[in-house]
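Here's the structure we're looking at; comments come further down.
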Amino acid sequence: MSTLSRDQIRAMMAEVLVAQGKQMPGDDQANLEEIGFRSLDFSELALRVEDEIDEELNFDAPQLRQIATVSDVLDFLEQLQAA
Amino acid sequence: MSDTNEPIGAATVVVVSGGSRGLGLAIVSDILASGASVAAFARTLTPELTALASAHPDRVHVASVDATDRHAVAAFLKAAEARLGPIDALVNNAAVGQDSLHVHTSPDDIARIIETNLTAPLLLARAVLRRILAKGNRGRIVMVTSVCAQRGYSGLVAYSATKGGLDSAMRTLAREMHGRALVNSVAPGFFASEMSSVLGQTQLDTITRRTPSGRLVEPENIVPIVHTLLFDDTNLNGQVITVDGGASI
Ligand SMILES: NC(=O)c1ccc[n+]([C@@H]2O[C@H](COP(=O)([O-])OP(=O)(O)OC[C@H]3O[C@@H](n4cnc5c(N)ncnc54)[C@H](OP(=O)(O)O)[C@@H]3O)[C@@H](O)[C@H]2O)c1
């Protein structure tokens, strides 16, 4: 399966935020609550990544609940692609 | 027999699916304490269930059975009856949990949840009722469902669908088994078990805060309700009894 790079995922995350009139922060340690990136926004991003790689990335909610920063989002999606 | 106006008697031989741990194990212990016999199964037997079987060899039949394997279930029921006598009650308790958003749950996982939590209990109820009817007996069925069948909880879409399906089937069975079986559901709120261990402390605190009784449900709160449905003459039939500290009101 083809995989997306961290930078490509970051760019897609920015698209999700910008479409809602929000800003993608420059700092990957930025807190998701503060930038207004909610769990269904993560779902949207994950589904966009799935569309690109043509593969489903299913996961459980406890893993989703661990995500707190931009860096966590990128790590988790990289991890899901590698699984 | 079906024309009698006599109440359906107390259960004497009860099948408990998922009797190895959690609520199922507590139900098995209660049935034994009541003097009835139990046939319990799960995929993996636990030391607790095996110890009960050793302590009451004449009143307990246990085996490692997957509820989704209908041939293994049929063989289990046959062996249980040969050992304990005619089965006249069932507690449909075995189930698997879920904690994933519907859009991120794989089709295979959805199928597995439905097979374990809805198809298997329907087939088990069918098998037990066939044995009860064929012998001219009467009996009792208890479905362990969930408050999730009545209220929306994120992360539990397929699971809730199966529990709602079982509650609906329960009502229809209660009517269909006119005079031959009492069929009811017990719908617990969240309680601590292996199934709910995925919930974090924050979620448990939130559930407790939203519960009017101020405390989470425990298996000890649910067991007496199952007991009543199995043993007492209440004429309860076709009902869902919710045990959740009032969280869903
Ligand atoms: N815990 C809660 O918060 C909660 C709330 C509402 C309703 N409930 C319901 O209460 C009931 C008991 O749940 P619990 O919390 O006690 O769960 P649990 O501790 O996970 O126990 C589930 C039992 O079902 C068995 N089981 C699961 N899949 C099976 C299969 N394919 N074949 C045979 N046995 C199987 C398990 O044994 P093996 O895994 O070894 O097979 C175990 O004995 C379930 O119906 C559940 O839906 C639970």
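Some values worked out for this structure:
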{"read-out": "Helical segments meeting 27 Å axial Cα length and Kyte-Doolittle -1.0 threshold in chain A (DSSP H)", "value": "none"}
{"read-out": "Heavy-atom accessible area ranking, 1.4 Å probe, most first, across B:17, B:54", "value": "B:54, B:17"}
{"read-out": "A:28, B:167, reordered so the largest accessible area comes first (probe 1.4 Å)", "value": "A:28, B:167"}
{"read-out": "Rounded to the nearest 10 Å², the accessible area of residue A:22 at probe 1.4 Å", "value": "50"}
{"read-out": "Cβ-defined net charge surrounding residue A:30, 13 Å radius [Lys, Arg +1; Asp, Glu -1]", "value": "-3"}
{"read-out": "Inter-chain Cβ neighbour average for residues B:100-110, partner chain, 10 Å", "value": "5"}
{"read-out": "Net charge over other residues, Cβ less than 13 angstrom from the Cβ of residue A:61 (K, R count +1; D, E count -1)", "value": "-2"}
{"read-out": "Extension gain, residue B:109 back to residue B:123 (0.36 nm per residue minus Cα-Cα distance, nm)", "value": "3.0 nm"}
{"read-out": "Net charge dipole size for the protein assembly as shown [Lys, Arg +1 and Asp, Glu -1 on Cβ; Debye, nearest 20]", "value": "1800"}
{"read-out": "Whole-Å distance, taken between Cα centres, linking the stretch B:7-22 and the stretch B:177-249", "value": "17"}
{"read-out": "Highest-fluctuation residue, B:105, B:116, B:12 considered, GNM on chain B with Cα pairs under 10 Å", "value": "B:105"}
{"read-out": "Counted charge near residue B:109, where neighbours are those whose Cβ lies closer than 14 Å (Asp, Glu -1; Lys, Arg +1)", "value": "-4"}
{"read-out": "Per-residue SASA entry for residue B:207, accessible area with 1.4 Å probe, Å² rounded to 10", "value": "40"}
{"read-out": "Mean Kyte hydropathy of -0.5 or more with a Cα span along the axis of at least 27 Å, helices from DSSP in chain B", "value": "B:157-176"}
{"read-out": "Segment residue B:172-residue B:82, extension gain: residue separation times 0.36 nm, minus the distance between their alpha carbons", "value": "29.4 nm"}
{"read-out": "Reach of residue B:78 by Cα under 28 Å, taken over lysines that are not fewer than 8 positions away in the same chain", "value": "B:135, B:163"}
{"read-out": "Charge dipole (debye, nearest 20) of chain A; +1 at Cβ of Lys and Arg, -1 at Cβ of Asp and Glu", "value": "240"}
{"read-out": "Shielding score for B:148-158, defined as the mean number of other chain Cβ atoms within 10 Å", "value": "1"}
{"read-out": "For chain A, calculated [θ]222 nm from helices alone, where every DSSP H run of n ≥ 4 adds -39500 (n - 2.57)", "value": "-18000 deg cm²/dmol"}
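The values are calculated or read from the model by the stated rules, or taken from the named source; none is laboratory data. All values derive from a computational prediction rather than experimental measurement. Note that we place each Cβ from the backbone using ideal geometry, even for glycine, and neighbour counts take in every protein chain shown. Accessible surface areas use protein heavy atoms only, side chains included; no ligands, DNA or RNA. Shrake-Rupley method; radii C 1.70, N 1.55, O 1.52, S 1.80 Å.
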